[in-house]
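Asks: Handing you a structure now.
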Amino acid sequence: MRLTFVLVGMVFLLTSSFEIQAESEWDFSGFATLGVGKTNRDSLRYIDYDGDWSVDSDSVLGLQAVFEPIDRLSFTGQLVARGYSFDGDVAEYEVDVEWLFASFDLFENGRLRIGRLRTPHQYYSSSLEIGYSYVWVRPPADGYPFLFSPFTQMDGVDYTFNIYQENSDLEVKLLIGETEANFLLNEVDLERVWGITLLNRWDDLSIRYAFLDHTLDFYIPDYDPLIDLLNQASALVPGYAESAKFFRLDDGRMRYHSLAMEWYVANWHILAERYEFEPPKKQLNNRNRGWYVSFAYPFERITPYVVFGAYKSLMGKNMYDQLEETYQSAITLIDGFRGVFPDDILDAQLADLNALNDGAVFGLNLYRVSQRSYSIGARYEVLANAALKAELQYTEFALGSTGHYIGKTLAQDRQTDPNDAMSITIVLDVVF
């Protein structure tokens with residue numbers, strides 16, 4: 001955050017000596033969402049919904065100010081208070097500086113921005129909190145997974161320019177920045193992100209591609225006891241030191257690709273997105289991908305919609321193979337002392353080994369997630385600046401996981417988890 005203030009402050013000081021070419025202008029706006037919802041599973045949480053009705057998970061209030069001191073230069077700030085955050089260090093409705101940047105209009109079709117910005121992973125990245133800007137209750141989690149929350153903003157620079165053609169408009173964005181945040185028990189330090197997005201618009205069709213390269217540290221403090229045990233076991237079986245590295249990431253590179261299409265045809269609004277995170281080549285080898293397709297059809301003031309999607313997060317097979325190979329080497333080592341040491345001592349060692357191996361496999365499996373989801377909902381235009389929405393979502397789980405639903409404790413027995421879940425949400429979105 002300090003970097004953002006430094007960047008914007010430097011821009012303000014540099015431009016304070018410019019000759020004013022037009023009257024300074026202020027523009028104020030805001031947005032809000034009041035949501036209520038629940039699930040049919042008391043043992044799981046979806047955002048912060050469970051079996052009881054809650055009004056916090058989707059509720060948001062945001063205020064935005066734009067100051068234009070001279071032509072072609074503006075300063076933008078946005079404050080957001082959320083009813084729920086995946087960052088455990090952020091309290092309910094704590095005010096956060098979401099945007100704080102200086103913007104220069106360069107040349108005829110270019111714009112440079114410096115400060116705190118949105119990272120453009122997805123089609124609706126720039127308006128995630130502004131529920132009024134999209135038809136759904138919230139963007140589909142299969143394309144906008146909750147684990148992206150540490151990556152939604154960055155302190156840095158982006159440059160956008162347009163190439164106008166006879167029948168289309170190509171928008172190109174280049175960016176570089178950094179950020180730091182938490183996701184549930186995870187600590188994420190995004191040391192650097194850089195990338196490019198391409199958005200081509202025709203009359204009724206838009207296609208967007210995004211590539212972002214992330215260099216980051218990823219760490220879960222609750223895994224420290226397991227990491228310590230694996231490192232201790234490596235004194236006898238060196239392979240366990242390699243297995244210990246699976247539970248954190250230091251200076252790892254993750255590459256992100258996404259492709260989106262928006263199409264208006266015969267009054268239908270069709271939107272589809274697909275993304276994939278390529279894992280780093282060392283340490284935590286986790287491949288993450290998702291997609292959704294949305295169909296909406298407006299009838300005057302009401303717009304019903306349906307959404308189909310899927311999400312999968314898989315650990316690299318090499319990680320399980322490495323752990324199994326090390327485990328078998330440890331068993332062979334213990335069995336080699338049969339007849340040398342008493343069996344009860346060796347059996348106790350074997351029990352500790354089994355517990356360690358089971359804990360490591362359990363830790364890897366927590367990263368393994370798969371689901372398919374089906375949603376049906378409707379948006380009703382209450383006023384020109386207000387929309388009432390309702391959505392019912394059904395989710396099927398696979399790979400012994402609970403998808404985007406989260407167990408209320410880390411040690412929850414996944415063998416007894418349900419195979420599916422449903423959620424219902426009603427929200428009122430307003431812009432002003």
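Asks: Can you tell which of 60, 55 is touching a strand residue (DSSP E or B) at 6+ places or on another chain (Cβ under 7 Å), within 13 Å of residue 427 (Cβ to Cβ) and surrounded by 17 or more Cβ atoms within 10 Å (Cβ to Cβ)?
Replies: Of the residues listed, the single one that is touching a strand residue (DSSP E or B) at 6+ places or on another chain (Cβ under 7 Å), within 13 Å of residue 427 (Cβ to Cβ) and surrounded by 17 or more Cβ atoms within 10 Å (Cβ to Cβ) is 60.
Asks: Give the residues of the stretch 251-262 that are surrounded by fewer than 19 Cβ atoms within 10 Å (Cβ to Cβ) and within 22 Å of residue 317 (Cβ to Cβ), sorted by residue number.
Replies: Passing the criteria: 253, 255, 257.
Asks: So, one more: Can you pull out every residue in the stretch 265-302 that is part of a loop (DSSP other than H, G, I, E, B) and either out of contact with any Pro (no Cβ under 9 Å at 6 or more places or on another chain) or farther than 30 Å from residue 187 by Cα (or both)?
Replies: Scanning the stretch 265-302 gives 266, 267, 279, 280, 281, 282, 283, 284, 297, 298, 300, 301.
Asks: Can you tell me which condition residue 372 does not meet? The list is (1) surrounded by fewer than 18 Cβ atoms within 10 Å (Cβ to Cβ); (2) touching a Leu at 6+ places or on another chain (Cβ under 8 Å); (3) not in a helix (DSSP H, G or I), and all the others hold.
Replies: The single condition residue 372 does not satisfy is (2).
Asks: Same structure, new question: Which one of these is in a helix (DSSP H, G or I) and either in contact with a helix residue (DSSP H, G or I) (Cβ under 6 Å, 6 or more places away or on another chain) or of a type in the set (Asp, Glu) (or both): 320, 327?
Replies: So the residue among 320, 327 that is in a helix (DSSP H, G or I) and either in contact with a helix residue (DSSP H, G or I) (Cβ under 6 Å, 6 or more places away or on another chain) or of a type in the set (Asp, Glu) (or both) is 327.
Asks: Select from the stretch 87-105 the residues that are in contact (Cβ under 8 Å) with a residue 24 or more places away in the chain and in a strand (DSSP E or B) and list them in ascending order.
Replies: 97, 98, 99, 100, 101, 102, 103, 104, 105
Asks: Among the residues of the stretch 300-328, write down those that are without any contact (Cβ under 8 Å) to a residue 24 or more places away in the chain and under 30 Å from residue 386 (Cβ atoms).
Replies: The one that is without any contact (Cβ under 8 Å) to a residue 24 or more places away in the chain and under 30 Å from residue 386 (Cβ atoms): 300.
Asks: Would you point out which residue out of 265, 306 is surrounded by fewer than 14 Cβ atoms within 10 Å (Cβ to Cβ), modelled with pLDDT of 90 or more and closer than 28 Å to residue 402 by Cα?
Replies: Checking each option against the conditions leaves just 306.
Asks: Can you name every residue in the stretch 36-61 that is in contact (Cβ under 8 Å) with a residue 60 or more places away in the chain and in a strand (DSSP E or B)?
Replies: Matches in the stretch 36-61: 36, 37, 38, 39, 44, 45, 46, 49, 60.
Asks: Regarding residue 193, is this residue over 30 Å from residue 282 (Cα atoms), modelled with pLDDT of 90 or more and of a type in the set (Val, Ile, Thr)?
Replies: Criteria not met by residue 193.
Asks: Can you find, within the stretch 386-432, the residue that is farthest from residue 30 (Cα to Cα) among those that are assigned to a strand (DSSP E or B) and modelled with pLDDT under 90?
Replies: 407
Asks: Could you list, in sequence order, all residues of the stretch 329-351 that are free of Cβ contacts under 8 Å to residues at least 60 places away in the same chain and surrounded by 13 or more Cβ atoms within 10 Å (Cβ to Cβ)?
Replies: 331, 334, 337, 346, 349, 350
Asks: Sticking with this structure for a sec: Residue 35 is checked against (1) at pLDDT 95 or above; (2) of a type outside the set (A, V, I, L, M); (3) buried (at least 17 other Cβ atoms within 10 Å of the Cβ); (4) in contact with a Phe, Trp or Tyr (Cβ under 6 Å, 6 or more places away or on another chain) and fails just one. What number does that condition carry?
Replies: With (1) at pLDDT 95 or above; (2) of a type outside the set (A, V, I, L, M); (3) buried (at least 17 other Cβ atoms within 10 Å of the Cβ); (4) in contact with a Phe, Trp or Tyr (Cβ under 6 Å, 6 or more places away or on another chain) applied to residue 35, the lone miss is (4).
Asks: Quick check on my filter: what residues within the stretch 276-299 are in contact (Cβ under 8 Å) with a residue 40 or more places away in the chain and farther than 22 Å from residue 317 by Cβ?
Replies: Passing the criteria: 291, 292, 294, 296.
Asks: Can residue 89 be described as at pLDDT below 95 and either buried (at least 17 other Cβ atoms within 10 Å of the Cβ) or within 30 Å of residue 221 (Cβ to Cβ) (or both)?
Replies: yes
Asks: Inspect the stretch 255-264 for any residue being free of Cβ contacts under 8 Å to residues at least 40 places away in the same chain and outside any helix (DSSP H, G or I) and give the result as yes or no.
Replies: No - not one qualifying residue is present in the stretch 255-264.
Asks: Next question. Based on this model, can you work out whether residue 367 counts as touching a strand residue (DSSP E or B) at 6+ places or on another chain (Cβ under 9 Å), assigned to a strand (DSSP E or B), closer than 30 Å to residue 136 by Cβ and among the aromatic types (Phe, Trp, Tyr)?
Replies: When the stated conditions are applied, residue 367 does not pass them.
Asks: What are the residues in the stretch 243-254 that are without any contact (Cβ under 8 Å) to a residue 40 or more places away in the chain, closer than 19 Å to residue 192 by Cα and either touching a Lys or Arg at 6+ places or on another chain (Cβ under 7 Å) or not acidic (Asp, Glu) (or both), if any?
Replies: 248, 249, 252
Asks: Being surrounded by fewer than 17 Cβ atoms within 10 Å (Cβ to Cβ) and without any contact (Cβ under 8 Å) to a residue 40 or more places away in the chain is the filter here; which residues of the stretch 64-86 pass it?
Replies: Residues satisfying the conditions are 65, 72, 79.
Asks: Suppose we keep only residues that are free of Cβ contacts under 8 Å to residues at least 60 places away in the same chain and closer than 26 Å to residue 291 by Cα within the stretch 145-159. Which one would you say is nearest to the chain's Cα centre (by Cα)?
Replies: Checking each candidate, the answer is 148.
The values are calculated or read from the model by the stated rules, or taken from the named source; none is laboratory data. Being a predicted model, the structure only gives us computed values, none of them experimental. All Cβ positions, glycine included, derive from the backbone under ideal geometry; neighbour counts span all protein chains shown.
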